[in-house]
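Novice: This is the structure, below, for whatever I ask next.
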Amino acid sequence: MAQRLALRRLLALGRRPLPLGPRPLAPQGLPGRAFGSSAIRGSAFNVQDGGDFQERVVNSPKPVVVDFHAQWCGPCKILGPRLEKMVAKQEGKVVMAKVDIDDHTDLAIEYE
């Protein structure tokens, strides 16, 4: 239930009108893209340990979406990339922390 509410709030942030007019040109003269893989990489990170979680998530000045996932979890494999794309669309206003529950069971239990 809480995950659905968080996802709805995140999706609501992404609902804004598209700008009118021509798209900006990339340095090589090619049309720019709304976001690419570099935008996804820049807005999502893997949590390394409890200290890293405290520093980069709890003490973050920006809102953080935390994806508690597992390699064996089918729904996690579907939801994860979708969350990453939605966070990337926020253009740095929101970041995403990815926590593997098999590697960081203590964090998964603490934050349910």
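The values are calculated or read from the model by the stated rules, or taken from the named source; none is laboratory data. Note that the coordinates shown come from a computational prediction; the quantities given were computed from them, not determined experimentally. All accessible areas refer to the heavy atoms of the entire protein, side chains included, with ligands and DNA or RNA removed. Shrake-Rupley method; radii C 1.70, N 1.55, O 1.52, S 1.80 Å.
Novice: Hey, what's the Cα Rg ratio for the range 44-111 versus the globular rule of thumb, 2.2 N^0.38 Å?
Specialist: On the way: Rg = 11.7 Å, N = 68, 2.2 N^0.38 = 10.9 Å.
Compared with the compact-globule rule of thumb, the range 44-111 sits at 1.07.
Novice: Ignoring ligands, DNA and RNA, please state the percent of accessible area on the range 44-111 from carbon and sulfur, probe 1.4 Å. Write down the numbers at each step before the final one.
Specialist: On the way: 2140 of 4030 Å².
Of all accessible area on the range 44-111, carbon and sulfur atoms account for 53 percent.
Novice: Could you compute how much accessible surface ASP102 exposes when probed at 1.4 Å, giving the result in Å² to the nearest 10?
Specialist: In the full protein context, ASP102 sits at about 90 Å².
Novice: Would you tell me the accessible area of LYS98, worked out with a 1.4 angstrom probe on the heavy atoms of the protein chains, in Å² to the nearest 10?
Specialist: 50
Novice: In whole percent, what relative contact order does the range 44-111 give with Cα contacts below 8 Å and a gap of six or more residues? If you can, show how the numbers build up before the last one.
Specialist: Numbers: 69 pairs, mean separation 31.6, N = 68.
Relative contact order comes out at 46 percent.
Novice: What does the accessible area per residue of the range 52-112 come to in Å², with a 1.4 Å probe and no ligands, DNA or RNA counted?
Specialist: Details: 3780 Å² over 61 residues.
In whole numbers, the range 52-112 has 62 Å² accessible per residue.
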